[in-house]
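Asker: Can you keep this structure in mind? I'll have questions shortly.
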Amino acid sequence: MKNIGRKGGTVVIFSIPEDAARTAVADPMIMIASDGMPISGAKIHPRGQGTFSRVLGHYVREEKALNLMTALKKMTLMPAQRLEKRASPFKDKGRIRVGADADITVFDPDRVIDKATYDEPLRYSEGIQFVLVNGVPIVKNGQLVEGVFPGLAARAPLSQ
């Protein structure tokens with residue numbers, strides 16, 4: 001494995017025990033996010049596709065490690081509040097209010113679940129009916145809308 005960096009490529013490793021993951025998502029100080037690895041190539045980590053669906057379906061509904069509203073706060077408001085101190089566009093993320101970015105996911109809490117696996121890491125999650133980015137549907141009636149890219153970069157100023 002030490003030669004992988006010289007040869008290029010991605011290594012996907014399963015290393016966090018389930019009980020540690022359950023404890024982490026339940027901790028009030030822990031935010032839930034994905035590292036956002038590029039969705040290209042055949043072998044990426046399945047959490048790149050199913051992080052949030054996994055939390056909602058597995059840890060909230062099945063394991064009852066945390067409640068739905070706490071999970072949503074950990075996925076939306078908490079990361080936005082952390083990032084807004086450095087990048088002001090995040091002041092309009094993670095909240096539903098007049099003037100905020102219209103980034104909204106509509107899902108069925110009784111059905112949402114991740115479907116991505118190590119063998120099939122690009123499988124879509126189930127139970128997500130709509131996803132709006134800047135108010136523009138990118139998932140409509142559970143289907144990806146092709147050819148729309150309404151997202152805008154939310155960046156911090158360059159440091160000196």
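Asker: Pull out all pairs, ordered by first then second residue, where Cβ-Cβ is under 6 Å, the residues are six or more apart or on different chains, the first lies in the stretch 62-87 and is without any contact (Cβ under 8 Å) to a residue 40 or more places away in the chain, and the second is in a helix (DSSP H, G or I) and open to solvent by less than 60 Å² (accessible area, probe 1.4 Å).
Answerer: Hits for this filter: A80/F90; E84/F90.
Asker: What about G41, is it of a type outside the set (S, T, N, Q), at pLDDT below 95 and not in a loop (DSSP other than H, G, I, E, B)?
Answerer: In short, no.
Asker: Check D119 against each of (1) on the phi < 0 side of the Ramachandran plot; (2) modelled with pLDDT under 95; (3) surrounded by 13 or more Cβ atoms within 10 Å (Cβ to Cβ) and name the one condition it does not meet.
Answerer: So D119 meets the others, but not (3).
Asker: Could you tell me whether any residue of the stretch 55-66 is among the hydrophobic types (A, V, I, L, M, F, W, C), touching a helix residue (DSSP H, G or I) at 6+ places or on another chain (Cβ under 8 Å) and at pLDDT below 95?
Answerer: No; the residues of the stretch 55-66 include none that is among the hydrophobic types (A, V, I, L, M, F, W, C), touching a helix residue (DSSP H, G or I) at 6+ places or on another chain (Cβ under 8 Å) and at pLDDT below 95.
Asker: Right, another one. Tell me, which residue of the stretch 77-91 that is basic (K, R) and outside any loop (DSSP other than H, G, I, E, B) is least open to solvent (accessible area, probe 1.4 Å)?
Answerer: Once the filter is applied, the top-ranked residue is K91.
Asker: I've got another one for you. Checking the conditions here, which among G94, G48 is open to solvent by less than 60 Å² (accessible area, probe 1.4 Å), among the small types (G, A, S), part of a helix (DSSP H, G or I) and closer than 24 Å to G142 by Cα?
Answerer: G48
Asker: Conditions: (1) open to solvent by less than 30 Å² (accessible area, probe 1.4 Å); (2) within 17 Å of E18 (Cα to Cα). K74 meets all but one. Number of the miss?
Answerer: (2)
Asker: List the pairs whose first member sits in the stretch 4-26 and is assigned to a helix (DSSP H, G or I), whose second member is surrounded by 13 or more Cβ atoms within 10 Å (Cβ to Cβ) and modelled with pLDDT under 60, and whose Cβ atoms are under 9 Å apart, counting only residues at least 6 apart or on separate chains?
Answerer: Listed by first residue and then by second, the contacts come to I4/T10.
Asker: Which count do you get for residues in the stretch 3-32 that are among the hydroxyl-bearing types (S, T, Y) and at pLDDT 80 or above?
Answerer: Matching residues across the stretch 3-32 total 1.
Asker: Pick from V112, V131, V106, V136: which is at pLDDT 95 or above, open to solvent by 50 Å² or more (accessible area, probe 1.4 Å), aliphatic (A, V, I, L, M) and closer than 24 Å to K74 by Cβ?
Answerer: After ruling out the rest, the residue left standing is V106.
Asker: Please specify each residue of the stretch 61-71 satisfying the condition of being open to solvent by 20 Å² or more (accessible area, probe 1.4 Å) and closer than 24 Å to L144 by Cβ.
Answerer: Selection gives R61 alone.
The values are calculated or read from the model by the stated rules, or taken from the named source; none is laboratory data. Given the structure is predicted, the values throughout are model-derived calculations rather than measurements. When we count neighbours, we look across all protein chains shown, and the Cβ atoms used for this are built from the backbone with ideal geometry, even at glycine. For accessibility, only protein heavy atoms count, side chains too; no ligands or nucleic acids. Shrake-Rupley method; radii C 1.70, N 1.55, O 1.52, S 1.80 Å.
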